[in-house]
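The values are calculated or read from the model by the stated rules, or taken from the named source; none is laboratory data. This structure is a prediction, so every number in the text was calculated from the model and none was measured. In this analysis, Cβ positions are derived from the backbone assuming ideal geometry, glycine residues included, and neighbour counts consider all displayed protein chains. For accessibility, only protein heavy atoms count, side chains too; no ligands or nucleic acids. Shrake-Rupley method; radii C 1.70, N 1.55, O 1.52, S 1.80 Å.
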Amino acid sequence: MTLSLSRKPLLPEATTRRLAGMLTGTGPVETAYAPWTGEPLVDMVTSSPQDVVAAFARARAAQARWAAVAPAERAKVFLRYYDLVLRNKQLMDLIQVQTGKTRFTAFEETLDVAGMSLYYARNAPAFLEPRRRKGGLPFATRVTELRHPKGVVSVISPFNYPLSDGICDVIPALIAGNGVVFKPDTQTALTPLLARELLVKAGLPAGLWQIVIGEPADIGDSLIDGADHVCFTGGNAAGRQIAVAAAARMIGATMQLGGKNPMLVLSDADLAKVVPAAARAAFVSGGQMCLCAERIYVHRDLYRTFVDRLVAHTRTLRIGSGLDFGYDVGSLSSPRQLAKTARHVEDAVAHGARVEVGGRARPDLGPCHYEPTVLTGVTPAAEIYTEETFGPVVSVYPFADEDEALRLANATEYGLNASIWTEDVARARGLAERINSGAVNINEGYVSTHISYDAPMGGRKASGYGRRHGEQGLLSMCDVQIVASQHGIGFDPKPGVTHKQQARQVTMIYNIMKALRLK
């Protein structure tokens, strides 16, 4: 592996203080640290439960006015936002310094949010239009479906993708006419604070999107108690608690949770294409992405060649830190993630696995750097066999035939993302239907499904429920109402007509509708 360590200065103190000053909490002060160096970045005042209640009140007051704005006018704000976000240097700097990821991965976050903004700006007005639905009695029953904003949406996002994971829930919530109370991870709160500032610059009413920070144990209940819908991205344990709390209040929830994502490399796969893509899918953002490939299953005829080529490719990856595009793998985001990654590798080796490449922390590069790692021979006794690592580690296994590959791919509690590599796309589509995953990419690791904003995306099994993206994602932020009016024919018997005669007449009408394909 080629090593590259940059000692460029971190964020200007004026920037971090200005952004942190946007927080109006009354709770304890917490310090955010830079994972590259361990240096403190900024002190931030956290929110108390009372602060969260006040944030909901401000958002709700602004939402009442925002909901009255025509969807086409709301959309103009997000067209302007696209231009402000895409390749925004300051946003990319913040993302990198707060998470430790590479410059290109930080760019991908700006691309994701810009793409989501553009998609909903172009399509949300049509999605939110009233639409006619077939009535129970043709011509006599006229039905209209209306799509109303829910009110105020609570968005809770994790540390690893501080722009994408949270803001891609905020955008459809706002454009649907809702207000938002948003709790990012405290470690990476500066990024969404700048993202909010840019959206206000694009024309969003300032009170509509509120940001609070704090520990879940302190403000978690308040984030659910004030919400009309909850969007959560994060770990499964917290997700289950939030789902239970939302259900107790009879409000909806969108849950994107963890994954132990499989990649299948079939016997006819082109390894020249597969190997670099597999490394990217495994090590992007230091493996700290819920869509990362953590398990690769390779047909036994290609297995040894694939492992050798993946190891050789991994050795060429440049590890480093700095605000430029000069390296391929950055840092983990915290000592906690580093410790978990190291523990998983050590436990795998103790249970018989072989480290083909990597397998070491790199304190010479920074406090949270860990080499991209390829494991073989991982046994079911190892933690990493079934548990999500969330680090730059991938395990490679051979399979004999497609039935075995599918069995192994589905042998997990998770079902978020999967990948199939083959020259026969029709064959891959047939296999994809048999993988219990919310998204399956063919000849790509994760990007194809993730940036296809017109297609609803989300998890199956323990990876969550509800969908982001597309009309379905927008409608999760809406309450659907139907209004039906009756004309001419009523449902009460006319004078002198018995219920038996009425039943005969209704049956005849239904039979006519069936024959004429009207129902």
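Below are the figures for this structure:
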{"item": "Accessible area in square angstrom per residue, the chain, 1.4 angstrom probe", "result": "42"}
{"item": "Heavy-atom accessible surface of the chain: percent carbon and sulfur, 1.4 Å", "result": "55"}
{"item": "Within the chain, percent of DSSP bridges classed antiparallel, to nearest 5", "result": "35"}
{"item": "Dipole magnitude of region 1-129, debye to nearest 20 (Cβ charges: Lys/Arg +1, Asp/Glu -1, about Cα centre)", "result": "340"}
{"item": "Unit charges at the beta carbon, dipole of the chain: most positive-side option, S267, V483, A67", "result": "V483"}
{"item": "Debye, to nearest 20: dipole size of the chain, +1 on Lys, Arg Cβ, -1 on Asp, Glu Cβ", "result": "2040"}
{"item": "Relative contact order computed over the chain (Cα-Cα under 8 Å; 6+ residues apart), in percent", "result": "18"}
{"item": "Peptides 267-277, 507-517 ordered by average Cβ neighbours within 10 Å, highest first", "result": "267-277, 507-517"}
{"item": "Exceeding the 21 Å Cα-Cα cut-off - candidates K76/K134; K260/K461; K89/K201; K183/K340; K134/K514", "result": "K76/K134; K183/K340"}
{"item": "Relative contact order (percent, whole number), region 131-192, Cα cutoff 8 Å, 6+ residue spacing", "result": "33"}
{"item": "Span-like helix ranges in the chain, DSSP H, alpha carbon extent 30 angstrom or more, Kyte mean at least -1.0", "result": "103-127"}
{"item": "Spatial separation of Cα centroids for region 224-299 and region 425-498, in angstrom", "result": "19"}
{"item": "The chain, helix-only ellipticity at 222 nm - DSSP H runs n ≥ 4, -39,500 (n - 2.57), divided by all residues, nearest 500", "result": "-12500 deg cm²/dmol"}
{"item": "Correct option for Cα extents along the principal axes in Å [calculated from the coordinates] among [x] 69, 62, 43; [y] 83, 68, 46; [z] 92, 58, 38", "result": "[z]"}
